[in-house]
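Inspection log for the structure reproduced underneath, given as structure tokens.
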Amino acid sequence: AMILPSVPLPSLISGLAAALAYALVAFWGGRLPEKRAQALVTLAWALHALSVLLSLFSPEGPPRFGFAPALSATAWLVLTFYTLERHWFPQLQARWTLAGLGALAVVLALLFPGQPLHLKASAWLPLHWVLGLASYGLFAAAVVHAVLMTRTEKLIRQAVDVEGSLPLLTLERLTFRFVKAGFVLLSATLLAGWWFSDHLYGAETGWRWDHKTVFAVLAWLTFAGLLLARNRLGWRGRKATRVLYAGAGLLLLSYAGSRFVLEVILGRAA
């Protein structure tokens with residue numbers, strides 16, 4: 001059953017507290033002094049981390065995972081990257097929007113905590129998951145920066161004063177740094193899944209050309225094409241961001257999308 005009462009009490013408390021803290025940041029944080037707003041963001045981030053950890057290492061039963069916990073972990077990683085970047089680029093202005101998305105991701109993970117995990121295969125399996133989630137987080141961060149880049153470009157075209165915001169070229173450079181890092185980790189994830197499939201998942205459930213794998217490979221090809229076109233053809237601006245969005249969409253469908261269909265629409269485990 002994937003309903004709120006099925007969530008262990010520690011996860012439920014930490015998740016609801018994180019969602020509340022994020023909601024306060026999203027709807028009220030702009031009225032607070034900078035230091036108090038940052039303290040509230042840090043509290044929400046820490047509670048979110050606790051919620052993710054408790055879902056994976058629950059003292060009240062086997063760990064659970066699925067599409068919503070994956071999205072929650074991805075949101076937490078994006079907020080982590082953003083918080084770190086703010087130390088070097090205080091002009092970044094996406095805190096309130098990301099806090100709202102963080103609250104939504106936490107609540108979604110409470111409503112759909114996923115299926116119990118039975119780790120009967122290799123001890124390397126958690127590393128494979130970490131690589132996959134990290135690539136999700138990096139590409140999600142790239143998408144956030146691409147959105148900021150598109151918004152800044154639109155304001156410049158409208159002759160709106162953007163003084164005090166992050167320069168367009170800096171946003172573009174940051175976007176593709178995340179794309180490159182995400183591509184490296186996605187490559188490592190796919191390589192590990194193919195090369196060590198029997199050891200990771202067992203001989204009967206190794207590498208399969210299912211929906212998850214097909215979408216992941218298509219995403220990899222899309223990102224590879226984007227990086228190649230940027231390097232050889234100088235792709236920038238809207239053309240590059242559209243391909244980035246397409247690749248991110250395919251990657252979202254690869255795990256979160258396939259698990260959503262299995263867990264919510266079909267109501268069964270993978």
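The values are calculated or read from the model by the stated rules, or taken from the named source; none is laboratory data. Everything numeric here is computed off the predicted structure, so don't read it as measured data. Cβ sites come from the backbone with ideal geometry, for glycine too, and all protein chains shown count toward neighbours. When the accessible area is computed, the model is the full protein with side chains, heavy atoms only, and any ligands, DNA or RNA have been set aside. Shrake-Rupley method; radii C 1.70, N 1.55, O 1.52, S 1.80 Å.
Remarks
- Residues within region 28-40 that are free of Cβ contacts under 8 Å to residues at least 60 places away in the same chain, open to solvent by 20 Å² or more (accessible area, probe 1.4 Å) and either touching a strand residue (DSSP E or B) at 6+ places or on another chain (Cβ under 9 Å) or part of a helix (DSSP H, G or I) (or both), tallied: 8
- Number of residues in region 213-237 that are at negative phi and not in a helix (DSSP H, G or I) equals 2.
- Checking TRP209, TRP235 one by one, the residue that is farther than 30 Å from LYS154 by Cβ and either more than 22 Å from the chain's Cα centre (by Cα) or modelled with pLDDT of 85 or more (or both) is TRP209 and no other.
- Where a residue in region 187-202 is part of a helix (DSSP H, G or I) and modelled with pLDDT of 70 or more and its partner, wherever it lies, is aromatic (Phe, Trp, Tyr) and open to solvent by 20 Å² or more (accessible area, probe 1.4 Å), with Cβ under 8 Å and at least six apart: SER187/TRP220; LEU190/TRP220; ALA192/TRP124; GLY193/TRP207; TRP194/TRP207
- With respect to (1) at pLDDT 90 or above; (2) open to solvent by 30 Å² or more (accessible area, probe 1.4 Å), the lone exception for THR175 is condition (2).
- Scanning region 234-261 for residues being open to solvent by 30 Å² or more (accessible area, probe 1.4 Å), of a type in the set (A, V, I, L, M) and farther than 15 Å from PHE176 by Cβ gives a total of 5.
- Being at pLDDT 85 or above, more than 27 Å from LEU108 (Cβ to Cβ) and either assigned to a loop (DSSP other than H, G, I, E, B) or among the small types (Gly, Ala, Ser) (or both) is a property that ALA240 has.
- Residues of region 86-109 that are under 16 Å from the mean Cα position of the chain (by Cα), of a type outside the set (Gly, Ala, Ser) and under 23 Å from THR170 (Cβ atoms): ARG95, THR97, LEU98, LEU101.
- Whenever a residue of region 253-267 is over 25 Å from THR222 (Cα atoms), its partners that are open to solvent by less than 20 Å² (accessible area, probe 1.4 Å), lying with C-beta atoms within less than 8 angstrom and at least six residues away or across chains, give the pairs GLU263/GLY66; GLU263/PHE67; GLU263/GLY114; VAL264/PHE67.
- The single condition among (1) touching a Leu at 6+ places or on another chain (Cβ under 7 Å); (2) surrounded by fewer than 17 Cβ atoms within 10 Å (Cβ to Cβ) that GLN93 does not meet is (1).
- Test set (1) under 20 Å from ALA134 (Cβ atoms); (2) open to solvent by less than 20 Å² (accessible area, probe 1.4 Å) - ALA18 fails condition number: (1)
- Test result for GLY66, open to solvent by less than 20 Å² (accessible area, probe 1.4 Å), small (Gly, Ala, Ser) and closer than 17 Å to LEU40 by Cβ: no
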